[in-house]
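> Please read through the structure below; I'll follow up with questions.
The values are calculated or read from the model by the stated rules, or taken from the named source; none is laboratory data. Just so we're clear, the structure is a prediction, and the values are computed from it rather than from any experiment. When we count neighbours, we look across all protein chains shown, and the Cβ atoms used for this are built from the backbone with ideal geometry, even at glycine.
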Amino acid sequence: MKKPPILVSGCLVGLRCRYDGRKLPHTAVQKIVSQGEGIVVCPEQLGGLPTPRTMSQIVGGDGFDVLSGKARVVSEDGSDVTECFLRGAEEVLRLARLAGVRRVIFKDKSPSCGVRRIYRGKRLVKGCGVTTALLLREGFEVESTEEVG
């Protein structure tokens, strides 16, 4: 029986999908994808945001608070990009369900993919991103690259 695929952040396999257009390849995640065991996504691009794009942060809480309408995602220039983040999270969820994914590996600190920590101002605080919150709420196992070999 074939193992279910693992969903991974595109920046972790070397795609230039980060807000600043840089790549941050992660060897263990690249190996997962090169062995045909991974599905690559970028929630922010799936939500309609361009690359590069203005850096964004969650204001008023974390990803769970955004899902419940208590917090917003705001870019450095003051634009409210909450709807793009929510749309991207929904698209990732749709893909994960379609592909039979159970496990997800994301990059910490992101307002979409942060697993354990996100930025609030220039400080790292406990909390998760919007896509991570949605996937956790729906029962997926979400890990940070810091937890993967």
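> Only one of these conditions is not met by residue 105: (1) modelled with pLDDT of 95 or more; (2) of a type outside the set (Asp, Glu); (3) in contact with a Phe, Trp or Tyr (Cβ under 8 Å, 6 or more places away or on another chain). Which number is it?
Against the list (1) modelled with pLDDT of 95 or more; (2) of a type outside the set (Asp, Glu); (3) in contact with a Phe, Trp or Tyr (Cβ under 8 Å, 6 or more places away or on another chain), residue 105 comes up short only on (3).
> Select from region 115-139 the residues that are in contact with a helix residue (DSSP H, G or I) (Cβ under 7 Å, 6 or more places away or on another chain) and either more than 17 Å from residue 86 (Cβ to Cβ) or β-branched (Val, Ile, Thr) (or both) and list them in ascending order.
Those that are in contact with a helix residue (DSSP H, G or I) (Cβ under 7 Å, 6 or more places away or on another chain) and either more than 17 Å from residue 86 (Cβ to Cβ) or β-branched (Val, Ile, Thr) (or both): 115, 130, 131, 132.
> Right, here's the next one. Hey, could you check region 59-87 for residues that are out of contact with any helix residue (DSSP H, G or I) (no Cβ under 7 Å at 6 or more places or on another chain) and among the polar types (S, T, N, Q) and say which is nearest to residue 42 (Cα to Cα)?
Restricting to residues being out of contact with any helix residue (DSSP H, G or I) (no Cβ under 7 Å at 6 or more places or on another chain) and among the polar types (S, T, N, Q), the top hit is 75.
> If the requirement is being surrounded by fewer than 17 Cβ atoms within 10 Å (Cβ to Cβ) and either over 13 Å from the mean Cα position of the chain (by Cα) or basic (Lys, Arg) (or both), which of these qualifies: 29, 59, 66?
It is 59.
> Another question, then. Out of the residues in region 3-61 that are free of Cβ contacts under 8 Å to residues at least 12 places away in the same chain and of a type in the set (Ser, Thr, Tyr), state the one that is farthest from residue 79 (Cα to Cα).
This residue is 34.
> Checking residue 128 against (1) surrounded by fewer than 19 Cβ atoms within 10 Å (Cβ to Cβ); (2) closer than 16 Å to residue 72 by Cα, which test does it fail?
Result: residue 128 fails condition (1) only.
> Still on this structure, I have one more. Scanning for something in a strand (DSSP E or B), modelled with pLDDT of 95 or more, within 20 Å of residue 48 (Cβ to Cβ) and among the polar types (S, T, N, Q), does region 71-91 turn up at least one residue?
Yes, the conditions are met somewhere in region 71-91.
> Say whether the condition of being within 21 Å of residue 97 (Cβ to Cβ) and either of a type in the set (D, E, K, R) or assigned to a loop (DSSP other than H, G, I, E, B) (or both) is met by at least one residue in region 56-65.
no
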